[in-house]
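Working notes, structure below.
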Amino acid sequence: MDRPIRVVVAKPGLDGHDRGAKVVARALRDAGMEVIYTGLHQTPEMIVDTAIQEDADVIGLSALSGAHMTLFQDILDLLKEKEASDILVIGGGIIPDDDARLLEKAGVAAIFGPGAPTEGIVDFIRKRAKR
Amino acid sequence: MKNLTTRALAGNTLSIARLISQVEREAEGFTEAMHLIHQKVRGVPIIGVTGVGGSGKSTLISRIAQTFRTEGKRVGIIAIDPTSPFSGGAVLGDRIRMTDLINDEGVFIRSMGTRGMSGGLASAISDVAWILDACGFDVILVETVGIGQDEVDIAQIAETTIVVLVPGLGDAVQMIKAGIMEIGDILAVNKADLPGVEQTVAELEAMLDLGDQSNKRPIPIVKTSALEGEGLDVLFEEICKHRKFLETTAPHTELRRRRYEGALMEHVRGRLIRLLSEEFVREKAQPFVDALLQGKTDLHTASTKLLAEIVEKALR
């Protein structure tokens, strides 16, 4: 029996602008995925714990505050520590191209900047999610 | 699968989560895994919390969970949200209200969509509850959206059901229509800081008076404000009182029996319903539809024969 792809959509850190995250959450739902929407002000620990308990296939991070380098790296490190690095990590928000390249090297599968079409995100997840 | 189950039973969170997924999708080896699980099941209390969206169920559950935590109990929470019938997807947002619990390693929260499973949902929840039980959680809280049949089914799995209402929304009448009131062991009027509380309580009391209360225990109505933290101790006390009531009127073996019977019936129902949506059923139905159109048979006869064919195929 098949089950839907499960995606945790989270906003780490102090940034309070969640419209993008909500747009993506709805798009993923409309594409037949189950979105565990965790809301604002999540610490890396909270996001990783959530993704583990929910057996998420993907973690989608939204960061507009500029703190993406530390926050995303913390999440990657925690996933490794908890032996859950098979969870696909993608990100979006205000992330300069240079940082995006660095993050991708560090293990973030893709960064989807402002204006990225949601169909592209959906397709990417369908191709690359762990299940 | 056996290794995964062993690690889950030892309390490894990642393994518990992945085992739940494997059982949900009926992956190879899942019946053996459940067999191992059932050997370790202790029969911990399952408490259902239902009510319309926005009634504050998640916040209430969070508070109830915190109280159990102060007693040193490990808490499992299963949070259900509706799956879109159009896309098959869902936004599962109950966790947002349970932020305080998220980094507590004594709490495990699992979100599920209804997944159009009518009839199968209660059985899926039952399996997850058994897994959490076997893997060391001492009480399971199940949150559902109180809109209909699912809740009545889940009430067979949950031993204590709390129905949450909000003053002034007219939920009471809606819920009576859906049969939800009959499943409530405890009624909680949440957001009791809002106007209209006393009237809502009065309406509920009047409605309970109308019902058949002959041999049963009187259903308590508790006013709570999950956000303000009021009435929570009374609610918790009622939960404990109900548990004692169950244990004295129906011994552990009886509760256990009811649980397995409920789960078995739900499993059968879920399988039948899933079966009906399979393509081969429509194919088999076509000759009967032809015969009906030609006036050569009637619905009752046709459905009897079709049923026989479906069941025969299903059991093969």
Across the range A:47-65, the tally of residues that are within 7 Å of another protein chain (Cβ to nearest Cβ) and under 16 Å from A:L88 (Cβ atoms) stands at 4
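Kindly evaluate A:S85 against the criterion of being of a type in the set (S, T, N, Q), buried (at least 18 other Cβ atoms within 10 Å of the Cβ) and either in contact (Cβ under 8 Å) with a residue 12 or more places away in the chain or away from chain B (no Cβ under 14 Å) (or both). Working first, answer last.
Values: of a type in the set (S, T, N, Q): yes; buried (at least 18 other Cβ atoms within 10 Å of the Cβ): no; either in contact (Cβ under 8 Å) with a residue 12 or more places away in the chain or away from chain B (no Cβ under 14 Å) (or both): yes.
Considered against the rule, which asks whether it is of a type in the set (S, T, N, Q), buried (at least 18 other Cβ atoms within 10 Å of the Cβ) and either in contact (Cβ under 8 Å) with a residue 12 or more places away in the chain or away from chain B (no Cβ under 14 Å) (or both), A:S85 comes out as no.
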Residues in the range B:72-104 that are facing chain A (nearest Cβ under 8 Å), out of contact with any helix residue (DSSP H, G or I) (no Cβ under 7 Å at 6 or more places or on another chain), farther than 24 Å from B:R269 by Cα and surrounded by fewer than 24 Cβ atoms within 10 Å (Cβ to Cβ) total 3
Restricting the range B:1-13 to residues that are under 15 Å from B:R74 (Cβ atoms) and surrounded by 19 or more Cβ atoms within 10 Å (Cβ to Cβ), the one farthest from the other protein chains (Cβ to nearest Cβ) turns out to be B:L9
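Filter the range B:291-305 for residues that are of a type in the set (D, E, K, R) and over 41 Å from the mean Cα position of the chain (by Cα) and give the result. Steps first, answer last, please.
Pass one, the range B:291-305, residues of a type in the set (D, E, K, R): B:296, B:298, B:305.
Answer for the range B:291-305, where residues must be of a type in the set (D, E, K, R) and over 41 Å from the mean Cα position of the chain (by Cα): just B:K296.
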Checklist entry - Just wondering, is there one or more residues in the range A:73-80 that are touching a Phe, Trp or Tyr at 6+ places or on another chain (Cβ under 9 Å) and within 26 Å of B:D100 (Cβ to Cβ)? => result no
Restricting attention to the range B:41-61, the residues that are among the hydrophobic types (A, V, I, L, M, F, W, C) and farther than 28 Å from B:A10 by Cβ number exactly 3
Note on A:S65: of the conditions (1) over 12 Å from the mean Cα position of the chain (by Cα); (2) polar (S, T, N, Q); (3) buried (at least 24 other Cβ atoms within 10 Å of the Cβ), unmet is (3)
If we keep only residues of the range B:29-54 that are of a type in the set (A, V, I, L, M) and more than 13 Å from B:L19 (Cβ to Cβ), then the residue modelled with the lowest pLDDT is B:V52
message: On the basis of being touching a residue at least 40 places away in the same chain (Cβ under 8 Å), of a type outside the set (D, E) and buried (at least 21 other Cβ atoms within 10 Å of the Cβ), does B:V41 make the cut?
response: no
Of the candidates B:I102, B:I77, B:I64, the one satisfying the condition of being closer than 21 Å to B:N12 by Cβ, at pLDDT 90 or above and aliphatic (A, V, I, L, M) is B:I77
Per the list (1) under 20 Å from A:K130 (Cβ atoms); (2) modelled with pLDDT under 95; (3) within 13 Å of chain B (Cβ to nearest Cβ); (4) under 14 Å from the mean Cα position of the chain (by Cα), residue check on A:M1 breaks on (4)
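Say we look at the range A:31-75 and pick out the residues that are of a type in the set (A, V, I, L, M) and touching a Ser or Thr at 6+ places or on another chain (Cβ under 8 Å); which of these is nearest to A:K11 (Cα to Cα)? Show your work before the answer.
First, the residues of the range A:31-75 that are of a type in the set (A, V, I, L, M): A:31, A:33, A:35-36, A:40, A:46-48, A:51-52, A:56, A:58-59, A:61, A:63-64, A:67, A:69, A:71, A:75.
Now narrow it down to the ones that are touching a Ser or Thr at 6+ places or on another chain (Cβ under 8 Å): A:31, A:36, A:46-47, A:52, A:56.
Values: A:A31: 21, A:I36: 12, A:M46: 11, A:I47: 9, A:I52: 17, A:A56: 16 Å.
My answer is A:I47.
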If we keep only residues of the range B:119-141 that are in a helix (DSSP H, G or I) and touching a Gly at 6+ places or on another chain (Cβ under 6 Å), then the residue surrounded by the fewest Cβ atoms within 10 Å (Cβ to Cβ) is B:S123
Per the filter on the range A:9-46, residues more than 9 Å from every other protein chain (Cβ to nearest Cβ) and more than 24 Å from A:E119 (Cβ to Cβ) are A:P12, A:G13, A:L14, A:D15, A:G16, A:P44
Those residues of the range B:14-64 that are in a loop (DSSP other than H, G, I, E, B), on the phi < 0 side of the Ramachandran plot and within 13 Å of another protein chain (Cβ to nearest Cβ) come to a total of 3
The range B:223-316: helices (runs of 4 or more DSSP H) wholly inside it with 1 or more residues that are in contact (Cβ under 8 Å) with a residue 60 or more places away in the chain are B:232-249, B:252-276
Condition first: at pLDDT below 85 and acidic (D, E). Can you find one or more residues in the range B:215-230 that meet it? yes
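The values are calculated or read from the model by the stated rules, or taken from the named source; none is laboratory data. Quick caveat: nothing in here was measured; it's all calculated off a predicted structure. Cβ sites come from the backbone with ideal geometry, for glycine too, and all protein chains shown count toward neighbours.
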